[in-house]
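**Student:** Here you go, one structure.
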Amino acid sequence: RLGENRAKVERMFGLMDRFLKNDPATLQNDIVNHVEYTVARSRFSFDDFEAYQALTHSVRDRLIERWHDTQICFRRKDPKRLYFLSLEYLMGRSLSNSVINLGIRDQYADALSQLGFDFEVLAEQEGDAALGNGGLARLSACQMDSLATLDYPAWGYGLRYQYGLFRQVILDGYQHEQPDYWLNFGNPWEIERIHVTYTVKFYGTVEEENFKGGKHKVWVPNETVEAVAYDNLIPGYGTRNTITLRLWAAKPSDQNDMESYNTGDYINAVVNRQRAETISSILYPDDRSHQGKELRLKQQYFFVSASLQDIIRRFKDTHSNFDDFPEKVALQLNDTHPSLAIAEVMRVLVDEENLSWSRAWDISCKIFTFTTHTVLPEASEKIPVDLLGSLLPRHLQIIYEINFRFLEELKKRIGLDYDRLSRMSIIEEGAVKSIRMANLSIVCSHTVNGVSKMHAELLKTRVFKDFYELWPHKFHYKTNGVTQRRWVVVSNPSLCALISKWLGTEAWIRDMDLLVGLQEYATNGDLHEEWKMVRKVNKMRLAEYIEAMSGVKVSVDAMFDVQLKRIHEYKRQFLNILGIIHRYDCIKNMEKKDRRNVVPRVCIIGGKAAPGYEIAKKIIKLCHAVAEKINNDPDIGDLLKLVFIPDYNITVAELVIPGADLSQHLSTAGHEASGTGCMKFLMNGCLLLATADGSTIEIIEEIGADNMFLFGAKVSEVPVLRKKAPNLKVPLQFARVVRMVRNGYFGFEDYFESLCDSVEVDNDFYLLGADFESYLEAQAAADKAFIDEEKWTQMSILSTAGSGRFSSDRTIDDYAEKTWGIERCRCPA
Ligand code: BZD
């Protein structure tokens, strides 16, 4: 009998101990099996897309294995967990990133080639997951990669929008928006968890019930929607740890329909059910303004409520009361978009868990941390009281109560300074009475941070000055970073190999500080040759893309000068275009013999404008109008080209950044909270032409002002210049290029009138005129440096060497230690 049992046990263990192997034969077998049994195509005949689907399922199997182990490890050790709440994530593609983080890219490439497929070709089949707008959303994605890599016990939470960020289509130079139904071809990366479903409530009334001799508030909603979890697995690099990004989708709730079914209105009942799904259907494409729309508020609460139910459920699995909640849970608010979580935690603790107000508040103040990503006070989120009161009546009461208690405390500290009290109040009085979500977040969070040193200074001295004076200890800065796995290893494999070769190790992929080791080879001739070769091949790849997409043939000997980011007045793409017009004008007016000294340029601009942002759309049109003129001027030839890259997204960035010689970061000083694009270019050895704004100030600290091209007014000078604006003398060259646009040199003069007015008639708020001369000087310095190839290469190497600080690994370690109080929890290999 003993022997029989033993055999059974051994068989059981045999079943359990079946880690997937990664040798070519196993991988091929897996892929072919997925072709047949998952994709349901014949193993004798499948095309690239079907091979891609099978491949992703095979990778996904490996992710799931590691994810299970990680979850077991977290459950066993029960560490304090970080819950990262963000309404936006810009993940881009997952395939290459996953296999690189799993350390099995080459094995897959081999296995596929024996099957007659090319890994890179299959990788091209994947679309972008674009569940976000810009910097904030891509930062969330980079931080998830670092959290996994550094073994932190973290969960990301967000919304599974059916339509991601719109596709930008350019017709006759104008931007048009098309829906991005990214799920059309299925999404192999997500795991639907039909059993992880929570009910989210909306509308209704608040009633009072007698409870233990007192009164108790009960929210009686009149609409409910189900939130279904979709898990996306995020593998770390060089570790088994694989964490979860849980995105919620809205599904109709059965509870709503009883009445309709009873009245026999079957069709309407079904139509009403469908309406619930709209909550998670679309990403708002605005990355600056907050319009107080009901659907947006519903999205925020839907995501917050489902996430908190999940978090509290997980906590309660192992804890019988809330005493340990702050020791086990850190809730990170990624900007104010998830800040309703504060009111929701209070509601759950007080109304549902029956904690006293002060106990609940004490807990809340220990778990929340808040990162703000903006500088402009007018960009901060305000929710009209009427809207909140109708959608979430109990939450409005709670926010009023928080505010009442806060103001009472404040009066004790500062007395009856009514101006200051009203500035700091969570409720803004006025034509539309609103909730100031930033104030709510600051009042409840134990740590508030900006995303660069400069940004935090502005928060302390301007935006949140009153709060800083009250609670100086709350304010910090955490300079953003980006993940080198995505932005060098995946997107620039040849540079990656070159760096590893010269450093003699791949360890920099987990420890970016090691890149300083490149400094000692900055003048090494052999490295220069190899560096130039890598850069040239990347430029050739980019040139091919440009030609395929726009028909414009560009020379790889020219300087590739790139500006890629959302189109915004403060980011000053208009300044870039005016500079290009000036360059064109100069070349046109030059004697033929002098043209020999002109450094040929290929100017590349890409970015999306929010659909309702008229001026930004005009900038896109101007770019096309100028490009049309320049690119078709035979007199100019290869000396100057301008191309607009349509539909800028993560995948496009991965292609363009490695091929850029120079990148432009032109925000008016004091407007870019941090900027992360500059860090990606920097890592890839691209030189920066930039204002002293956001994180560029810290880049200067790392690589020295000599290794970049700085220009423009400093933060402290901007207010002075603005005051002087009406009498400010603008340089003649500036007036001349604006006049060329105004007078129709590029056509469409009526259309461009308001754009020209913005810099001439309306006081030039973003100071294009004031900065123009200095901008042209910086451009001239870049030209001069480019002619000296060795000098340029040295600056390029030093840029990469100095980029270590801008890894999101550094940022995440800093948050973990100083903000969230979490520790690493590594799953055994
Ligand atoms: O966040 C950006 C800032 O503008 C950048 O300076 C900074 O580097 C990044 C990351 O910290 N902010 C945003 O991207 N903001 C948004 O995308 C956004 C989206 C929806 C609503 C409001 C703002």
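What follows draws every value from the coordinates through simple rules; no lab data is involved. Because the structure is a prediction, the values reported are computed rather than measured. When we count neighbours, we look across all protein chains shown, and the Cβ atoms used for this are built from the backbone with ideal geometry, even at glycine.
**Student:** Quick one: grab Rg to one decimal and Dmax as a whole number for region 303-420, Cα atoms only, in Å.
**Tutor:** In Å, with Rg to one decimal and Dmax whole: 15.6, 47.
**Student:** If a cysteine in the chain has no other Cys Cβ under 4.7 Å from its own Cβ, put it on the list, ordered by number.
**Tutor:** 142, 365, 444, 496, 586, 603, 623, 678, 686, 756, 825, each lacking another Cys Cβ under 4.7 Å.
**Student:** Sorted by average packing, counted as other Cβ atoms within 10 angstrom per residue and highest first, what order do 787-797, 742-752, 439-449 take?
**Tutor:** Details: 787-797: 16.8, 742-752: 14.8, 439-449: 24.4.
The packing order, highest mean first, is 439-449, 787-797, 742-752.
**Student:** Also, quick follow-up: Computed on alpha carbon atoms, what radius of gyration and Dmax characterise region 708-819, expressed in Å?
**Tutor:** For region 708-819, the Cα-based Rg and Dmax read 19.9, 58 Å.
**Student:** Further question: Express in nm, to one decimal, how much length is gained between residue 412 and residue 25 on full extension, taking 0.36 nm for each residue of separation and deducting their alpha carbon distance. Before the final figure, lay out the partial values.
**Tutor:** Values: separation 387, 0.36 × 387 = 139.32 nm, distance 7.32 nm.
Here the segment from residue 412 to residue 25 would lengthen by 132.0 nm.
**Student:** Average the reciprocal distances over every distinct pair of alpha-carbons in region 2-139, invert the result, and give the Kirkwood radius in Å.
**Tutor:** It is 17.6 Å.
**Student:** Additional query: Where does the Debye-calculated log10 I(q)/I(0) of the chain sit at q = 0.11 Å⁻¹, using only Cα point scatterers of equal weight, no solvent?
**Tutor:** Rounded to two decimals, the profile gives -1.37.
**Student:** Hey, could you get me the Stokes-Einstein D for region 370-473, Kirkwood radius over alpha-carbon pairs, 10 °C and 1.306 mPa s, rounded to whole µm² s⁻¹? Don't skip to the end; give the middle numbers.
**Tutor:** On the way: Rh = 14.4 Å.
For these conditions, the coefficient is 110 µm²/s.
**Student:** Continuing with the same structure: Using only Cα atoms, figure out Rg for region 593-671 and give it as a multiple of 2.2 N^0.38 Å. Working shown, then result.
**Tutor:** Numbers: Rg = 14.8 Å, N = 79, 2.2 N^0.38 = 11.6 Å.
My calculation over the Cα atoms of region 593-671 gives 1.28.
**Student:** Can you tell me how region 535-588 classifies by the Cα gyration tensor, rounded, prolate or oblate, using a/c under 1.5 as the rounded cut? Numbers along the way, then the final one.
**Tutor:** Values: a/c = 2.15, a/b = 1.41, b/c = 1.52.
Since a/c reaches 1.5 but b/c is at least a/b, the shape of region 535-588 is classed as oblate.
**Student:** Another question, if that's okay. Counting alpha carbon pairs within less than 8 Å and at least 6 residues apart, what relative contact order, in whole percent, applies to the chain? Mind showing how you got there, number by number?
**Tutor:** Numbers: 1470 pairs, mean separation 116.7, N = 829.
This gives 14 percent for the chain.
**Student:** Given R₀ = 45 Å, FRET efficiency for residue 789-residue 717 by Cβ-Cβ distance, to 0.05?
**Tutor:** On the way: r = 35 Å, r/R0 = 0.78.
About 0.80, to the nearest 0.05.
**Student:** Then there's this: Taking the Cα centre of the chain as origin, sum charge times position over the Cβ atoms of Lys and Arg (+1) and Asp and Glu (-1), and report the length of that vector in debye to the nearest 20.
**Tutor:** Details: 101 positive and 115 negative charges, 253 e Å.
It works out to roughly 1220 debye.
**Student:** Starting with the highest mean, order 90-100, 358-368, 497-507, 408-418 by the number of other Cβ atoms within 10 Å, averaged over the residues of each peptide. Before the final figure, lay out each step's value.
**Tutor:** Working: 90-100: 23.3, 358-368: 18.5, 497-507: 15.7, 408-418: 11.3.
So the order, starting with the most tightly packed, is 90-100, 358-368, 497-507, 408-418.
**Student:** Is there a quick way to get the dipole size of region 640-793? I mean about its Cα centre, with the Cβ of Lys and Arg at +1 and of Asp and Glu at -1; what is the value in debye to the nearest 20? Provide the component values of the computation, followed by the final result.
**Tutor:** Working: 12 positive and 24 negative charges, 86 e Å.
My answer is approximately 420 debye.
**Student:** How large is Rg over Rh for region 488-619, taking Rg from the Cα atoms and Rh as the Kirkwood inverse mean of 1/r across Cα pairs? Before the final figure, lay out each step's value.
**Tutor:** Values: Rg = 19.1 Å, Rh = 18.1 Å.
With Rh from the inverse mean 1/r over Cα pairs, Rg/Rh is 1.06.
**Student:** Report, in whole Å, the centroid distance computed from the Cα atoms of region 373-444 and region 755-790.
**Tutor:** Each part's Cα centre sits 41 Å from the other's.
**Student:** Decide, for region 744-786, between rounded, prolate and oblate: order the square roots of the alpha carbon gyration tensor eigenvalues as a ≥ b ≥ c, take rounded if a/c falls under 1.5, and otherwise choose prolate if a/b is larger than b/c, else oblate.
**Tutor:** Values: a/c = 4.96, a/b = 1.72, b/c = 2.89.
It is oblate, given that a/c is not under 1.5 and a/b is not larger than b/c.
**Student:** Hey, another quick one. Using mean Cβ contacts within 10 Å as the protection proxy, how do 37-50, 472-485 order, highest first? Before the final figure, lay out the partial values.
**Tutor:** Values: 37-50: 13.9, 472-485: 22.3.
So the order, starting with the most tightly packed, is 472-485, 37-50.
**Student:** Go through region 1-40 and name the trypsin sites (Lys or Arg not before Pro) that are in a DSSP coil and have 14 or fewer other Cβ atoms within 10 Å of their Cβ. Don't jump to the answer; show the numbers that get you there.
**Tutor:** Working: sites: 1, 6, 8, 11, 18, 21; in loops: 1, 18, 21.
Sparse-neighbourhood loop trypsin sites (Lys or Arg not before Pro): 1, 18, 21.
**Student:** OK, next. What per residue convex hull volume, in Å³, do the alpha-carbon atoms of region 566-628 yield? Each step should come with its number before you reach the end.
**Tutor:** Numbers: hull volume 5.3 nm³, N = 63.
Roughly 84 Å³ of hull volume per residue.
**Student:** Apply the a/c threshold of 1.5 to the C-alpha gyration tensor of region 98-175 and tell me whether it is rounded, prolate or oblate.
**Tutor:** Details: a/c = 2.86, a/b = 1.16, b/c = 2.46.
Oblate.
**Student:** Also, I was wondering about something else. Take the alpha-carbon centre of region 180-250, take the same for region 34-84, and report the distance between them in whole Å.
**Tutor:** 22 Å
**Student:** Follow-up question, since we're still on this one. Quick one: compute the contact order of region 483-540, relative version, from alpha carbon pairs under 8 angstrom and 6+ residues apart, as a percent.
**Tutor:** Values: 26 pairs, mean separation 18.7, N = 58.
Computed value for region 483-540: 32 percent relative contact order.
**Student:** Okay, moving on. log10 I(q)/I(0), Debye, Cα-only region 26-107, no solvent, q = 0.13, 0.16, 0.19 Å⁻¹?
**Tutor:** -0.57, -0.77, -0.94
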